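Have a look at the structure below before the remarks.
The values are calculated or read from the model by the stated rules, or taken from the named source; none is laboratory data. Predicted model, so just to flag it, every value in this text is computed and none were measured. Cβ placement follows ideal geometry from the backbone for every residue including glycine, while neighbour counts extend to all protein chains displayed. Only protein heavy atoms, including side chains, enter the accessible area calculation; ligands, DNA and RNA are left aside. Shrake-Rupley method; radii C 1.70, N 1.55, O 1.52, S 1.80 Å.
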Amino acid sequence: MSILHPLLDIVDVNVRDMSHVELGNFAINLADAFARHKDFQGEDAIPKSLCQLDVLRGLGVGHLAVTKEAESGNRFKKVERDASRPIVEMHTVMLINWAAYRSVTENKPTLISELNLPPKVKAPKGALHIEVTAPQNPKAKHGKSGVALISVNRVPGAMAYYVGICKGDPSLPESWSTVGPFHKSQNMEITGLEPGQLYYFKIYCSGPSGQSEWSSIISLRIL
């Protein structure tokens, strides 16, 4: 059962389901999204009782670094990584909940939507329960330098699509990170990729009934 008041339960984010790499990247991206948002800029934009954006970004960077060392077999770093994770989770969730509170009390949906956080979608009463299936026919093509364009067949009932990205060993769950949501199944733009690097991609979608399985994995060497 969620401890949030129903009016604040408006974001579809579960940090506990994220891999260590996904969590580190999520914390960094969240800090950057807050910093870009016009309503969260200025010296006193974030209450002092909450994690400041430079601190959150540092937590994300640190978690990625200690995760990398832990994956190399350093058991001491594994302990450090596992100890740091609850702190990263706590501060990201507190910031999201604060933004959700402001969004609801100020009746200003952009406080959440412009942070690129996936909204929690509730099926209307009497709506058909449609199980979303794994996206089919995934394709990757080149965009500009450092950009991949990912497409799949449209999934009936899907309301958002998410792309998994891997530039390491695709058989290791910790090698993957996820970006999204995308609201179209065609030409989902993945930016900031390393030219010359081989990347792997997979896609899932979400709808009123929940999350689909992942698509098959595809690969593309970035220009």
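Computed values, structure above
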read-out	value
The range 172-223 versus the range 55-108: alpha-carbon centroid distance in Å	22 Å
Tensor-based shape of the range 57-178 (alpha-carbon gyration tensor, a/c under 1.5 rounded, otherwise prolate or oblate)	oblate
For the chain, fraction of C-alpha pairs farther apart than 26 Å, in %	42 percent
Net charge contributed by nearby residues that have their C-beta within less than 12 Å of residue 96 (K/R +1, D/E -1)	-1
Accessible-area ranking of 142, 20, 183, largest first, probe 1.4 Å	183, 142, 20
Given 14 as the ceiling on other Cβ atoms within 10 Å, longest exposed-site-free region of the chain for trypsin sites (Lys or Arg not before Pro) in DSSP loops	49-119
Potential extension, residue 16-residue 134 segment - 0.36 nm per residue separation minus Cα distance	40.3 nm
Whole-Hz ³J(HN,Hα) from phi, Karplus 6.51 cos²θ - 1.76 cosθ + 1.60, for the range 211-220, glycine and proline x	9, 7, 6, 6, 6, 5, 8, 10, 9, 7
The range 1-126: relative contact order in percent, alpha carbon pairs under 8 Å with at least 6 residues between	36 percent
Per residue accessible area of the range 184-223, 1.4 Å probe, in Å²	53 Å²
Potential extension, residue 211-residue 183 segment - 0.36 nm per residue separation minus Cα distance	8.6 nm
Where labels lie 7 Å past Cα in the beta-carbon direction, separation of residue 39 and residue 74 in nm	4.1 nm
